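S.K.: Okay, here's the structure, questions in a sec.
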Amino acid sequence: MRIGVYVCHCGRNIAGTVNVAAVVEFARNLPHVAVAKEYRYVCSDPGQQIISDDIAEFGLDKVVIASCSPSMHQNTFMNNVQKAGLNPYCLDRANIRENCSWVHSNMTEATEKAKLLVAAAVAKVILAEPLEVKEVSVTPAALVIGGGIAGIQAALDIGDAGFKVYLVEREPDLGGHVAQLYKTFPSLEETEQLLQSRMERIKEHPNIEVLTSSEVTGMEGYIGNFKVTVKQDGVDRELEIGTMVVATGYDTFDASLKPEFGYGVYPNVITGLELERLASPSGPTGGKIEIDGKGPANVVFIQCVGSRDKSVGVEYCSRVCCMYTAKQASYIKDKLPEARVTVCYIDIRAFGKGCEEFYEKVQREKVIYRRGNVSEVYKRGDKLVVRAEDTLLGETFEEEADLVVLATGMRPARDAALLGKMLHISSGADGFFLEAHPKLGPVETTTDGIFLAGCAVGPKDITDSISQGHAAAVKASIPLFLGRVSKEPLVAHIDEEVCAGCGLCESSCEFGALVLDTRRKVMTVNEALCRGCGACSALCPSGANQLRNTTEKQVFDMIEALL
Ligand SMILES: Cc1cc2nc3c(=O)[nH]c(=O)nc-3n(C[C@H](O)[C@H](O)[C@H](O)COP(=O)(O)OP(=O)(O)OC[C@H]3O[C@@H](n4cnc5c(N)ncnc54)[C@H](O)[C@@H]3O)c2cc1C
């Protein structure tokens, strides 16, 4: 066996903390290592060339790259060694950046740790087997969950690409939150116009089947061959699809969790979404903004209700509230020009195209912006009083109001956690679905074949939600176009000679990949369903169930190298 070890500087990312030359010297003396080299950026073209040249020159059959996390550049490295004639599963990585140089400052200690990580990777790769990628066919249909603007866009694009799409929406109508808005910032275009054309196209589209009042209640299978159970009006239906887009959007923050603002106590304290309905001609008042039959003379908006507020467990910014408040202030000025309109804000975030200009225009319409934290809303006589601190003037002030509007932020859709569990997709600490990579994979999940769009991933405006709908549709259509997808061979494997058929591992599999053959009394693995998580192998008492290329022996050899 001849192993090549390549240690990356990653500029100063690694070399600033780890003595790379010392790690290379150490690696040269590890068992089976035929060559060890360092390079400034191993992921660069010249870096890759060094590896492929060495595979030919030194007759390498295994390679270890000590660099960044395997979640970075793994495909690049695997493709490179494969082109040079090596099985790509005979490559392993030692993460000496995220697990070492980025978390240590002492060079001597970091260098010693990097050596051990390289030794462990070499110990593991010694027993790595060459594996073959399998291909599976793809059912040429997609599912979109959530019929808001992001889901509608994704369904239209996949349908336009020529594939059957099922659009599942739990409410009786499509449109999501956009259907509840009067106009959109910053153009003040009526949302009805914006949605209408898309709704009509959906209705007439030959490839799109809309299932309203429906919810996904079960999912099994894998990319290319998902089987999804949808409950519609009490009649379960099973759909066979190749890929899916999750566009389940958001819920607004429950304003009663901030009792100091009097929501639910005073009828003239309302949320931004409720103001949208009041202002809309299709709303309950036909578009008239009235309190007790007359237009409010004083309107106060309170921003960041359930955003950037650790006291209610919401640290993030909801991104749209500054601009929707500016838009709603302009509704008031348009419908009630004499009204006094005050906005209590923390900071104004007007980052979208045309948004800063719109915010300035609203200020010119004599909307008063006061930078301050609101401490309470209380009643004095027949008026509400908003008590706040003006942080620019350094003084408290009180503003009388006939109407108080709370700019509530965005929370994950109410059953997002349940849906995530069912689909095997992860959520972040904020409860929104987690993208595979915030920059490189913004609409992908870590589950192949399942993509994300819109506010299901986190707060965003309509423009960004539609853009993600387009992006997720493209990603979901690629496997449908290809008709076949590759399946990772790093899966569980049963040694039937050793397996006692105890069945213990079967229940540990979240994906239904393990089935006990009761006649032969051995466990069997459906490799197409297995995601290679290793939960079943860890549980196996006899060692019959092993994860390919992360076997028990490999793990013990790594531990020995580390110790
Ligand atoms: C008061 C207010 C005003 C706003 N004004 C503007 C504005 O002027 N301009 C702007 O750009 N943005 C505005 N926004 C933001 C805008 O609402 C969002 O950008 C947009 O709604 C995101 O669309 P979406 O499809 O991702 O989510 P949503 O609109 O939330 O749609 C998600 C859909 O998925 C459905 N769903 C959820 N879970 C399931 C499930 N398990 N199964 C089936 N279906 C499910 C929901 O019923 C819903 O129909 C505003 C937001 C608020 C709160």
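The values are calculated or read from the model by the stated rules, or taken from the named source; none is laboratory data. Remember, it's a predicted structure, so these values are computed and weren't measured experimentally. Counting neighbours? That spans all protein chains shown, and the Cβs are built from the backbone with ideal geometry, glycine included.
S.K.: Do we find that Glu376 is within 21 Å of Thr271 (Cα to Cα), more than 16 Å from the ligand (Cβ to nearest atom) and not hydrophobic (A, V, I, L, M, F, W, C) in this structure? Can you show your working first?
M.R.: Numbers: within 21 Å of Thr271 (Cα to Cα): yes; more than 16 Å from the ligand (Cβ to nearest atom): yes; not hydrophobic (A, V, I, L, M, F, W, C): yes.
Considered against the rule, which asks whether it is within 21 Å of Thr271 (Cα to Cα), more than 16 Å from the ligand (Cβ to nearest atom) and not hydrophobic (A, V, I, L, M, F, W, C), Glu376 comes out as yes.
S.K.: Could we say that Cys530 is buried (at least 16 other Cβ atoms within 10 Å of the Cβ) and either over 31 Å from the mean Cα position of the chain (by Cα) or not in a loop (DSSP other than H, G, I, E, B) (or both) here?
M.R.: Values: buried (at least 16 other Cβ atoms within 10 Å of the Cβ): yes; either over 31 Å from the mean Cα position of the chain (by Cα) or not in a loop (DSSP other than H, G, I, E, B) (or both): no.
When the stated conditions are applied, Cys530 does not pass them.
S.K.: Name the pairs whose Cβ atoms lie under 6 Å apart, with the first residue in segment 325-342 and outside any helix (DSSP H, G or I), the second of a type in the set (S, T, N, Q) and surrounded by 20 or more Cβ atoms within 10 Å (Cβ to Cβ), and 6 or more positions between them or separate chains?
M.R.: none
S.K.: Evaluate the following for Glu510: is it in contact (Cβ under 8 Å) with a residue 24 or more places away in the chain and within 13 Å of Arg531 (Cα to Cα)? Step through it out loud before you land on a result.
M.R.: On the way: in contact (Cβ under 8 Å) with a residue 24 or more places away in the chain: yes; within 13 Å of Arg531 (Cα to Cα): yes.
It is true that Glu510 is in contact (Cβ under 8 Å) with a residue 24 or more places away in the chain and within 13 Å of Arg531 (Cα to Cα).
S.K.: Return yes when Ala429 is within 24 Å of Val312 (Cα to Cα), more than 13 Å from the ligand (Cβ to nearest atom) and either within 15 Å of the chain's Cα centre (by Cα) or not in a helix (DSSP H, G or I) (or both) and no when it is not.
M.R.: Details: within 24 Å of Val312 (Cα to Cα): yes; more than 13 Å from the ligand (Cβ to nearest atom): yes; either within 15 Å of the chain's Cα centre (by Cα) or not in a helix (DSSP H, G or I) (or both): yes.
It is true that Ala429 is within 24 Å of Val312 (Cα to Cα), more than 13 Å from the ligand (Cβ to nearest atom) and either within 15 Å of the chain's Cα centre (by Cα) or not in a helix (DSSP H, G or I) (or both).
S.K.: Ok, one more. Checking His205 against (1) within 26 Å of the chain's Cα centre (by Cα); (2) farther than 25 Å from Thr325 by Cα; (3) surrounded by fewer than 23 Cβ atoms within 10 Å (Cβ to Cβ), which test does it fail?
M.R.: His205 satisfies all of (1) within 26 Å of the chain's Cα centre (by Cα); (2) farther than 25 Å from Thr325 by Cα; (3) surrounded by fewer than 23 Cβ atoms within 10 Å (Cβ to Cβ) except (1).
S.K.: Give me the residue from segment 64-79 that is hydrophobic (A, V, I, L, M, F, W, C) and farther than 21 Å from Val18 by Cα and, out of that set, surrounded by the most Cβ atoms within 10 Å (Cβ to Cβ).
M.R.: Of everything passing the filter in segment 64-79, Phe77 is surrounded by the most Cβ atoms within 10 Å (Cβ to Cβ).
S.K.: Considering segment 267-315 alone, what residues qualify as being within 22 Å of Gly372 (Cα to Cα) and of a type in the set (Ser, Thr, Tyr)?
M.R.: Thr271, Ser307, Ser311
S.K.: Also, quick follow-up: Tell me which residues, restricted to segment 30-55, are more than 18 Å from Asn95 (Cβ to Cβ), in contact (Cβ under 8 Å) with a residue 60 or more places away in the chain and crowded, with 16+ Cβ neighbours inside 10 Å.
M.R.: Val33 - this is the single residue of segment 30-55 that is more than 18 Å from Asn95 (Cβ to Cβ), in contact (Cβ under 8 Å) with a residue 60 or more places away in the chain and crowded, with 16+ Cβ neighbours inside 10 Å.
S.K.: Confirm whether Gln232 is without any contact (Cβ under 8 Å) to a residue 24 or more places away in the chain, farther than 30 Å from Ala326 by Cβ and within 15 Å of the ligand (Cβ to nearest atom). Reasoning before the result, please.
M.R.: Details: without any contact (Cβ under 8 Å) to a residue 24 or more places away in the chain: yes; farther than 30 Å from Ala326 by Cβ: yes; within 15 Å of the ligand (Cβ to nearest atom): yes.
Taking the combined requirement at face value, the residue satisfies it.
S.K.: If a residue must be of a type outside the set (S, T, N, Q), under 23 Å from Trp102 (Cβ atoms) and not in a loop (DSSP other than H, G, I, E, B), how many such residues does segment 29-73 contain?
M.R.: As a first pass, look at segment 29-73 and keep what is of a type outside the set (S, T, N, Q): 30-43, 45-47, 50-51, 53-66, 68, 70, 72-73.
In the following step, the residues that additionally are under 23 Å from Trp102 (Cβ atoms) were identified as 36-43, 47, 64-66, 68, 70, 72-73.
Checking the rest, the ones that are also not in a loop (DSSP other than H, G, I, E, B) come to 36-39, 47, 64-66.
Within segment 29-73, residues that are of a type outside the set (S, T, N, Q), under 23 Å from Trp102 (Cβ atoms) and not in a loop (DSSP other than H, G, I, E, B) number 8.
S.K.: Same structure again: In the set Gln48, Gln74, Gln82, which member is among the polar types (S, T, N, Q) and at pLDDT below 95? Steps first, answer last, please.
M.R.: Details: Gln48 fails: at pLDDT below 95; Gln82 fails: at pLDDT below 95.
Testing whether each residue is among the polar types (S, T, N, Q) and at pLDDT below 95 leaves just Gln74.
S.K.: In this structure, is His104 touching a residue at least 12 places away in the same chain (Cβ under 8 Å) and either within 16 Å of the ligand (Cβ to nearest atom) or surrounded by fewer than 18 Cβ atoms within 10 Å (Cβ to Cβ) (or both)? Quick ask: steps written out before the conclusion?
M.R.: On the way: touching a residue at least 12 places away in the same chain (Cβ under 8 Å): yes; either within 16 Å of the ligand (Cβ to nearest atom) or surrounded by fewer than 18 Cβ atoms within 10 Å (Cβ to Cβ) (or both): yes.
Judged against the criteria, His104 is a match.
S.K.: Pairs please, first residue from segment 15-29 and within 10 Å of Ala110 (Cα to Cα) and among the acidic types (Asp, Glu), second anywhere and modelled with pLDDT of 95 or more and in a helix (DSSP H, G or I), Cβ atoms under 9 Å, 6+ apart in sequence or on different chains.
M.R.: If the second residue must be modelled with pLDDT of 95 or more and in a helix (DSSP H, G or I), no pairs are left.
Residue-wise test of (1) in a helix (DSSP H, G or I); (2) of a type outside the set (D, E, K, R); (3) more than 16 Å from the ligand (Cβ to nearest atom); (4) touching a Cys at 6+ places or on another chain (Cβ under 9 Å).
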position	(1), (2), (3), (4)
Thr463	yes, yes, no, no
Ala472	yes, yes, no, no
Glu496	no, no, yes, no
Cys499	no, yes, yes, yes
Glu510	no, no, yes, yes
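S.K.: Could you grab the pairs with beta carbons closer than 8 Å, sequence gap of 6+ or different chains, first residue in segment 394-418 and under 15 Å from Ile368 (Cβ atoms), second one assigned to a strand (DSSP E or B) and near the ligand (Cβ under 10 Å from one of its atoms)?
M.R.: Short answer, once both residue conditions are applied: Val405/Thr271.
S.K.: Count, please, the residues in segment 268-286 that happen to be more than 14 Å from Val299 (Cα to Cα) and assigned to a loop (DSSP other than H, G, I, E, B).
M.R.: 7
S.K.: Specify which of the listed residues (Ala114, Ala110) is among the small types (Gly, Ala, Ser), assigned to a helix (DSSP H, G or I), surrounded by fewer than 24 Cβ atoms within 10 Å (Cβ to Cβ) and touching a residue at least 60 places away in the same chain (Cβ under 8 Å). It would help to see each step written out before you state the result.
M.R.: On the way: Ala114 fails: surrounded by fewer than 24 Cβ atoms within 10 Å (Cβ to Cβ).
Just one listed residue meets the conditions, Ala110.
S.K.: Continuing with this model, one more query. Please give the number of the condition Ser486 fails out of (1) small (Gly, Ala, Ser); (2) within 14 Å of the chain's Cα centre (by Cα); (3) farther than 26 Å from Glu276 by Cβ.
M.R.: It fails just one condition, (2).
S.K.: Working only within segment 237-276, note down all residues that are at positive phi and more than 16 Å from the ligand (Cβ to nearest atom). Quick ask: steps written out before the conclusion?
M.R.: First, the residues of segment 237-276 that are at positive phi: 249, 262, 264.
Result: Gly262, Gly264.
S.K.: Taking only pairs six or more apart or across chains, which ones have beta-carbon atoms under 6 Å, a first residue in segment 180-205 that is under 18 Å from Glu274 (Cα atoms), and a second residue that is part of a loop (DSSP other than H, G, I, E, B) and within 9 Å of the ligand (Cβ to nearest atom)?
M.R.: Close Cβ pairs (under 6 Å, with a partner that is part of a loop (DSSP other than H, G, I, E, B) and within 9 Å of the ligand (Cβ to nearest atom)) amount to Thr191/Leu181.
S.K.: Mind checking which residues of segment 154-174 are surrounded by 22 or more Cβ atoms within 10 Å (Cβ to Cβ) and within 8 Å of the ligand (Cβ to nearest atom)?
M.R.: Listed by number, the residues that qualify are Val168, Glu169, Leu174.
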